[in-house]
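Just so you know, all these numbers are worked out from the coordinates, no wet-lab data involved. The model shown is predicted, which means the values in this text are computed figures rather than measured ones. Positions of Cβ are generated from backbone atoms using ideal geometry, with glycine treated the same way; all protein chains shown enter the neighbour counts.
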Amino acid sequence: MSVPSEVAGERIAASSSESGIGTPESHRDTAQRYLWIALVVAIGVFAIDVWIHVGIATPIGYIAVGNVTIGSIAVAYIAVAYIAVVYLVSLAGRRRQVLGAAAATTVLTIVAWILSTAAWFDWATIENRLLSLFAIGLTTLFCHRELSQREQNQRLVASLKDERSKLLVSEGRTRSLFNSAMDAVITFDRDGIVDQWNQQAETIFGYTMLESSGRPLIDLVAPLNRYQSYQRLLDYFVANAKRPIRNRHLEIAARRRDGSTFSVEISVVPVPRADGNWFCLFARDITERKQLEVARRQLNQRLRDSVVAKDADLVSARDRLNMALTSANVGLWDWNAQTNKVYYSPTYKTQLGFPSDTHWDTFESWRSRLHPDDEAKTLACIDQYFQQRRGDYQTTFRMCCKDGTYRWILAQGRATFGPDGEPVRVLGVHIDVSDQVRSEEKLRQLNDALKKANQALEASNTELQQFAYVASHDLQAPLRAVVGFAQLLETDYCDRLDPRGEDYVQRIVAASRRMQQLINDLLRYSRVQSSDLTNASVPLDDALVDAIGLLESQIANSGAIVTSDPLPTISGDPSQWSQMLTNLIGNSIKYCDQTPRIHVSADRGHNAWMIRVRDNGIGIAKEDQQRVFEVFRRLHPQHRYPGNGIGLAICQRIAQRHGGSISAASNDGVGSTFLIDIPDNTDDSN
């Protein structure tokens, strides 16, 4: 991990100042020192040389201490000058080299002094000059070396400045990356003291860089209840810095500045530095991920619980389905259209009389048992279904049983198709419909018989119509003649006949009239059955008014009271409904031993009307309530209640022709209620 740019700049500046180079003041002082050294040495040498050879007196030349001569004074002067050189040059940081040179020069100076005292004047002069030249040369050499060193230092300073600029740029980039990292990045030393702390760490843990720098990492991030364990973990990281443990990602709990704990994922890597290994810790807040993991585990658990419950439900449903299929004798098949393998349920096999463990597992196991007459049609139906690729597959065919007989099978199924449109799987059932087919065959035979019966009925109706025509014309004509002659005989020859003859004539007339009434009633019944039915709106209030009008004389003679509730409008033949109400009200008047009271009402049912005609007559015994609607059925003697017993039969025929029915509800002696149930075929009702 690189150090910040500010710290690097400070270290470079300190290095420059310690070496005494790199600043204008230091260079200027050094140059002035060496200039004075050179000047002093040059003046001293020149003065001594002139004094010795020319004899010019100087202030120094007059100094004499004991036996000291002028030469020795000059030599001492040179020694003092070199000592000054040693002192001044030593200030420039060259103490060892200059001291060595000064020591050597001093020794030579002492030798020169000894020689001068021994009156080796010439040799002393030569030695003095040589030493002077040596001192000047040495000074010049030191000045040259110092100037060379100064240029070298200037180049070094420029290079250091350039490196510093580059280092500042690099450190700026590093700082940007350091602070823009998505994870918290923390550097610390071997003692766990925080050195660097990026902005993401500030966001995650709540401490600023200034607050965290220099503090123990454990004090900042460890939960209070885990302080010791985290300290041991940190010590372990430091102790095992070169082992693979440093690259592992660990999930631990951490503490924020506000004391709250959260989950983080950390990784620690060593950072080699000159002062020893430092460490870089990367931390990522995984609170949201942990929450998602908890939610995922909870969801997975719910899914597992749901799957277990669904499996149990499916097992239960499968067991119920197998029981239902077995009870209903329905076979299950599952055809893999890719491999041509088929699963056949046990019931499928027992349907055909085979043991439930019979080994069938191919499409051929099914195809080979098809009836020869049904095979081509059945296979064509399957091909057509695969081409259409929609809806359900359904067909009926015969399959051979174990005993060689054939049973009718209804096959139903649905296919699953792949992306290429080819069938992948077909699942379906086999239903034994042999009994249904036989029933349908019987029904077809019955329908044929019914068709023949209808044809016979139509022929009978035709004959009945012919009979009615004959009865209305051929039978009526001689009957009218008999009645006419009987009436003439009664009128013209009454005085010639004895009482027995008159009685016979009266019987003939009465019988002829009854015969004529019987033929007329039979004609009315025939017309109800054979006439075209008009389909119109029939207001039953109007039909009741018509019926009362037709029965006006009977109502007047009997004093009958006819009332009604508001009646609906129905769909039908108006004349037949008038005839029905006329017959019912007429019967109520006829079969009553007191003042007749008749009430007509209607109730709305489900898509139907229930019309009631209630009276206070003599009533109908329970065992006769069905028989009263038979043709010519009479329950009372003719002399007591005259009639031919066909009126209620006509009412029943009218109700049937309108899609309804009629019934009687009564207790003997307490009146009767006739109930007419008629479909509601019109929306126009009162």
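The charge dipole of region 328-432, taken about its Cα centre with unit charges on the Cβ of Lys, Arg, Asp and Glu (plus for the first two, minus for the last two), comes to roughly 140 debye. The peptide list 656-662, 154-160, put in order of mean Cβ contacts within 10 Å with the highest first, becomes 656-662, 154-160.
Rounded, prolate or oblate, given the Cα gyration tensor of region 373-451, with a/c below 1.5 counting as rounded? Cα axes put region 373-451 in the prolate bin. Considering only alpha-carbon pairs that sit under 8 angstrom and 6 or more positions apart, the relative contact order computed for region 181-285 is 29 percent.
As a proxy for reagent exposure, H359, H606 were ordered by neighbouring Cβ count within 10 angstrom, fewest first; the result is H606, H359.
Extension gain for the segment H249 to N225, taken as residue separation times 0.36 nm less the Cα-Cα distance, is 6.4 nm to one decimal. Of the beta bridges in region 532-679, as assigned by DSSP with both residues counted there, near 85 percent are antiparallel.
Computed extension gain for S663 through D235, at 0.36 nm per residue and net of the alpha carbon distance, reaches 143.4 nm.
Straight-distance candidates among the lysines for linking to K442, with alpha-carbon spacing under 22 Å and chain neighbours fewer than 8 residues away dropped: K451, K452.
In terms of its alpha-carbon gyration tensor, region 532-679 comes out prolate; a/c meets the 1.5 threshold, and the first ratio a/b outweighs b/c.
Shape index of region 181-285: Rg/Rh, with Rg the Cα radius of gyration and Rh the Kirkwood radius from the inverse mean 1/r over Cα pairs, equals 0.93. Over 24 Å between C-alpha atoms is what I'm after, so list which of K590/K622; K290/K310; K341/K377 land there. Table pairs above 24 Å Cα-Cα are K290/K310.
Neighbour counting of Cβ atoms within 10 Å sorts the residues S316, S263, fewest neighbours leading, into S316, S263.
The protection proxy used here, the mean number of other Cβ atoms lying within 10 Å of each residue, ranks peptides 197-203, 581-587, 321-327 as follows, highest first: 581-587, 197-203, 321-327.
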